[in-house]
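There's a structure below that I have some questions on.
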Amino acid sequence: MLLLTATHGLAGLALLVTPLDPRLRGLLMGVVAASFSYRIWASVLRKAPWSLRDALWTEHGWQLGFRDGRWREATLLPSTLVTSRLVILNFRVHWLRYHSLMLTAVVTEPDLLRRLRVHLRLERART
């Protein structure tokens, strides 16, 4: 959330200090505000129908559940981050569709998070 706010805030600030026609500046500020609103709605609040809600790991691979009730097969990407306090799962669902899921002990049971970290580290060691 902090990164999202900072990047959109810097974009707005850059528009304010750039010598532009006031109508163009207003239009571009509207685009930045719309982008910020969309990201909050779709990525932070996860209210969009295509927002990721669940990730299920089975012996057949990963399945992702979306807000509209659909489930899709997904590929876990090597860019997945695993630390002692944070796990960021990066998935590819289609050739051009990517999703991320951030897990901490606050949103996931600590034992489940520990087992996931162990599984992910073992998978990396095998490849």
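Could you give the dipole magnitude of the chain about its Cα centre, charging the beta-carbon of Lys and Arg +1 and that of Asp and Glu -1, in debye to the nearest 20? Let's see the in-between values first.
On the way: 18 positive and 8 negative charges, 12 e Å.
Approximately 60 debye in magnitude.
Scan the chain and report its longest stretch carrying no trypsin sites (Lys or Arg not before Pro) that are both in a DSSP loop and have at most 14 other Cβ atoms within 10 Å. Write out the running numbers ahead of the final one.
Details: sites that count: 46, 47, 70, 85.
Between exposed loop sites, the widest span is 1-45.
Count neighbours as other Cβ atoms within 10 Å of each site's Cβ, and list the chymotrypsin sites (Phe, Trp or Tyr not before Pro) in the stretch 50-127 that are DSSP loop with at most 10 such neighbours. Each step should come with its number before you reach the end.
On the way: sites: 50, 57, 62, 66, 71, 91, 95, 98; in loops: 50, 95.
Answer by residue number: 95.
Evaluate the relative contact order of the chain (contact order divided by residue number), counting alpha-carbon pairs under 8 angstrom at least 6 apart; express in whole percent.
Values: 137 pairs, mean separation 14.9, N = 127.
Reported relative contact order: 12 percent.
Name the shape class, rounded, prolate or oblate, that the alpha-carbon gyration tensor gives for the chain, where a ≥ b ≥ c are the square roots of its eigenvalues, rounded holds for a/c under 1.5, and otherwise prolate holds if a/b is larger than b/c and oblate otherwise.
prolate
In addition: Please work out how much length the chain gains when fully extended from residue 108 to residue 47, using 0.36 nm per residue of separation minus the C-alpha to C-alpha distance, in nm with one decimal. Don't skip to the answer; put the middle values down first.
On the way: separation 61, 0.36 × 61 = 21.96 nm, distance 2.01 nm.
Here the segment from residue 108 to residue 47 would lengthen by 20.0 nm.
When only Cα pairs under 8 Å and 6 or more residues apart are kept, what is the percent relative contact order across the stretch 52-126? Write down the numbers at each step before the final one.
Numbers: 103 pairs, mean separation 14.2, N = 75.
About 19 percent, as a whole number.
Rank 58, 108, 91 by how far each Cα sits towards the positive end of the charge dipole of the stretch 41-114 (+1 on Lys, Arg Cβ; -1 on Asp, Glu Cβ) and give me just the farthest.
The residue sitting farthest along the positive end of the dipole is 91.
Read the figures in this text as sums done on the coordinates, not as results from a lab. Since we're looking at a predicted model, the values are computed, not measured. Quick reminder, even Gly has a Cβ in these numbers, built from the backbone with ideal geometry, and neighbours come from all protein chains shown.
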